[in-house]
Amino acid sequence: MSASTYVDEKRLAQRLAAMARIGATENGGVNRQALSAEDAAAQRQLVQWGETLGLKPSIDAIGNLFLRLEGADTGAPPVLSGSHLDSQPTGGKFDGVFGVLAAFEAVEAILASGVKPRVSIDIVAWMNEEGSRFAPGMMGSAVFAGNRALDATLAVVDKHNVSVKQALAEVRESLRDVPERALGERVSAYVEAHIEQGPHLENEGLTIGVVSGIQGKRTFTVRVDGEAAHAGTSTRAERRDALLAAIAMVQALADAMRDDEDIVKFTVGRFDVKPSAPSVVPSSVDFSIDLRHPDSDVLLALGDRIAPICEAHAGVCTVRVTELSSAMSLDFPEPMRALVRNAALRLDLRHRDILSTAGHDARYLHYVCPSAMIFVPSHLGRTHCETEYTSSSDLAAGARVLADVLSELAV
Ligand code: GLV
Ligand code: MN
Ligand code: MN
């Protein structure tokens, strides 16, 4: 019998519910930001579950956590499957964690099927996919893939000036029994299951999305410097108000990025004003820009307009635009997509090809090994919010497809 037969919907739902209690928010969501105490607790939980199945844990220098089901050929590069355990500050119960626990369920199913895989299967929880505490996101997978330097990534700080290195040392302390593994070992394939984070599968009555690719994304930080002054005594002519300059920049950017087709995605999600006191003229503003487009040429052209637009609206203030990440649109290889499509067909699950407009760790794995993604529906497309929801049966369907794809790749 195929591995998918042994996928247990209830067990998967119970594990997801247990993870959702770690960092649970009042409104039914999750706050489990990268390298927080909650993230560490989720990682410990995963390692404990792995022990019950005899999976070998390991962690690399950037904090990616792996659980290995050893294959017969211990020298062969493993097949990797997972996603991330970290969440947005008001995140949901499924973004990321579903991919990790679907991989866990798939491995448990493969074990139950009695077939010993030829190559090892590594379940992976990538470090900091969301990029909410430490920006940009997908740090763990980018460093793993050699796209981002280890030392520069360890030096990134959060808003309290805590570095990735310091935060990682604390997580490492709570996982001190977990041995270290070399960074970026060779991998034979990568498969990531994820919720769709859009409404299309649900609207069309489909259960599985065969992900065709991921749209490109560039991220920036903008620093606007003015000068603090008294709100009652300083004249308009004297002021160098960083907030007014930053607002002019954001409005001009929003106008420039606006397209009639509504394809460009332009977001200023963080806006920090200093000193943020009612009677002080703002001295500085830091804001973030997240820009996405499925056409890489358009993404490049629009992203290149950001610095000149900011400079044109700086007025008496100064501005510095820093690009944090630049990732072009990509297409997953057709043979990998066919593995997902055929598994869905065999399981009689309604499916279609779908482009991911959200980012995923698979984007970086794509450049080191043949990669694929499996989507399951997101109710009303709600995500990066506390009301994120996918039914247990859809989640189990995704895990079934994953179990069969992993079996094909590893057995
Ligand atoms: C991932 O969380 C993204 O922002 O696309
Ligand atoms: Mn995610
Ligand atoms: Mn996310």
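Restricting to the stretch 380-403, name every residue that is open to solvent by 10 Å² or more (accessible area, probe 1.4 Å) and on the phi < 0 side of the Ramachandran plot.
Answer for the stretch 380-403, where residues must be open to solvent by 10 Å² or more (accessible area, probe 1.4 Å) and on the phi < 0 side of the Ramachandran plot: R382, T383, C385, E386, T387, Y389, S391, S392, S393, D394, R400.
What's the number of the only condition in (1) more than 24 Å from E196 (Cβ to Cβ); (2) within 16 Å of ligand 2 (Cβ to nearest atom) that D60 fails to meet?
Answer for D60: the failing condition is (2).
Give me a count of the residues in the stretch 354-383 that are closer than 23 Å to S188 by Cα and more than 16 Å from ligand 2 (Cβ to nearest atom).
4
Return the pairs, sorted by first residue and then second, in which the second residue is part of a loop (DSSP other than H, G, I, E, B) and charged (D, E, K, R), the first residue lies in the stretch 358-378 and is open to solvent by less than 20 Å² (accessible area, probe 1.4 Å), the beta carbons are less than 7 Å apart, and the residues are 6+ apart or on different chains.
Close Cβ pairs satisfying both conditions: D361/E129; F375/E196; V376/E196; P377/E196; S378/E196; S378/E388.
If I go through the stretch 17-32 residue by residue, how many of them are assigned to a loop (DSSP other than H, G, I, E, B), free of Cβ contacts under 8 Å to residues at least 40 places away in the same chain and closer than 21 Å to L395 by Cα?
To start, the set of residues in the stretch 17-32 that are assigned to a loop (DSSP other than H, G, I, E, B) comprises 21-23, 25-29, 31-32.
Filter again for free of Cβ contacts under 8 Å to residues at least 40 places away in the same chain, leaving 21-22, 26.
Restricting the remaining residues to those that are closer than 21 Å to L395 by Cα gives 21-22.
Residues meeting the conditions: 2.
With the requirement that a residue be part of a loop (DSSP other than H, G, I, E, B) and open to solvent by 10 Å² or more (accessible area, probe 1.4 Å), what does the stretch 96-117 give you?
S113, G114, V115, K116
Scan the stretch 56-86 residue by residue and report those that are aliphatic (A, V, I, L, M), open to solvent by less than 10 Å² (accessible area, probe 1.4 Å) and part of a loop (DSSP other than H, G, I, E, B).
Across the stretch 56-86, the qualifying residues are I62, L85.
Among the residues that make up the stretch 125-134, is at least one of them more than 25 Å from D286 (Cβ to Cβ), in contact with a Ser or Thr (Cβ under 9 Å, 6 or more places away or on another chain) and either outside the structural domain of D361 (by TED's automatic domain parsing) or buried (at least 22 other Cβ atoms within 10 Å of the Cβ) (or both)?
Among the residues of the stretch 125-134, at least one is more than 25 Å from D286 (Cβ to Cβ), in contact with a Ser or Thr (Cβ under 9 Å, 6 or more places away or on another chain) and either outside the structural domain of D361 (by TED's automatic domain parsing) or buried (at least 22 other Cβ atoms within 10 Å of the Cβ) (or both), which makes the answer yes.
Looking at the stretch 213-259, which of the residues that are in contact with a His (Cβ under 7 Å, 6 or more places away or on another chain) and either more than 16 Å from ligand 2 (Cβ to nearest atom) or acidic (D, E) (or both) is most open to solvent (accessible area, probe 1.4 Å)?
Our first condition is that a residue be in contact with a His (Cβ under 7 Å, 6 or more places away or on another chain); within the stretch 213-259, this holds for 214-216, 245, 248-249, 252.
Going one step further and asking which of them are either more than 16 Å from ligand 2 (Cβ to nearest atom) or acidic (D, E) (or both), we end up with 216, 245, 248-249, 252.
Details: G216: 0, A245: 10, A248: 37, M249: 0, A252: 21 Å².
Residue satisfying both the conditions and the ranking: A248.
Regarding the stretch 170-182, can at least one residue be identified that is among the β-branched types (V, I, T), farther than 17 Å from Q33 by Cβ and part of a loop (DSSP other than H, G, I, E, B)?
The answer is yes; a qualifying residue exists.
Residue pairs, Cβ under 7 Å, 6 or more apart or interchain, first in the stretch 67-91 and free of Cβ contacts under 8 Å to residues at least 24 places away in the same chain, second within 14 Å of ligand 2 (Cβ to nearest atom). List them.
none
Only one residue in A103, A109 is in contact (Cβ under 8 Å) with a residue 12 or more places away in the chain and within 16 Å of ligand 2 (Cβ to nearest atom). Which one?
Of the residues listed, the single one that is in contact (Cβ under 8 Å) with a residue 12 or more places away in the chain and within 16 Å of ligand 2 (Cβ to nearest atom) is A103.
Considering only residues that are loosely packed, with under 14 Cβ neighbours inside 10 Å and of a type in the set (G, A, S), look in the stretch 270-284 and name the one that is farthest from the chain's Cα centre (by Cα).
Among residues in the stretch 270-284 that are loosely packed, with under 14 Cβ neighbours inside 10 Å and of a type in the set (G, A, S), the one farthest from the chain's Cα centre (by Cα) is S279.
Restricting to the stretch 316-359, and then to whatever is within 16 Å of ligand 3 (Cβ to nearest atom) and in a strand (DSSP E or B), can you tell me which residue is farthest from R218 (Cα to Cα)?
Ranking the qualifying residues of the stretch 316-359, first place goes to S356.
Yes or no: S120 open to solvent by less than 10 Å² (accessible area, probe 1.4 Å) and either of a type in the set (S, T, N, Q) or more than 30 Å from R382 (Cβ to Cβ) (or both)?
Here the answer is yes, as S120 does meet what is asked.
From the list E323, E311, which one is charged (D, E, K, R) and surrounded by fewer than 15 Cβ atoms within 10 Å (Cβ to Cβ)?
That would be E311, the only listed residue that is charged (D, E, K, R) and surrounded by fewer than 15 Cβ atoms within 10 Å (Cβ to Cβ).
Of all the residues that make up the stretch 194-233, how many are hydroxyl-bearing (S, T, Y), in contact with a strand residue (DSSP E or B) (Cβ under 6 Å, 6 or more places away or on another chain) and more than 16 Å from ligand 3 (Cβ to nearest atom)? Step through it out loud before you land on a result.
Filtering the stretch 194-233 down to residues hydroxyl-bearing (S, T, Y) leaves 207, 212, 219, 221, 233.
From what is left, the residues that are in contact with a strand residue (DSSP E or B) (Cβ under 6 Å, 6 or more places away or on another chain) are 212, 219, 221.
Right, trim to more than 16 Å from ligand 3 (Cβ to nearest atom) and you get 212, 221.
Summing the residues that are hydroxyl-bearing (S, T, Y), in contact with a strand residue (DSSP E or B) (Cβ under 6 Å, 6 or more places away or on another chain) and more than 16 Å from ligand 3 (Cβ to nearest atom) in the stretch 194-233 gives 2.
What are the pairs, 6+ residues apart or on separate chains, where a residue within the stretch 269-285 that is outside the structural domain of P136 (by TED's automatic domain parsing) has its Cβ under 8 Å from a residue that is among the hydroxyl-bearing types (S, T, Y) and open to solvent by 80 Å² or more (accessible area, probe 1.4 Å)?
Close Cβ pairs (under 8 Å, with a partner that is among the hydroxyl-bearing types (S, T, Y) and open to solvent by 80 Å² or more (accessible area, probe 1.4 Å)) amount to P282/S276.
The values are calculated or read from the model by the stated rules, or taken from the named source; none is laboratory data. Predicted model, so just to flag it, every value in this text is computed and none were measured. For neighbour counting, all protein chains shown are included, and Cβ atoms are generated from backbone atoms with ideal geometry for every residue, glycine included. Please note that ligands, DNA and RNA were not included when accessible areas were found on the heavy atoms of the full protein model with its side chains. Shrake-Rupley method; radii C 1.70, N 1.55, O 1.52, S 1.80 Å.
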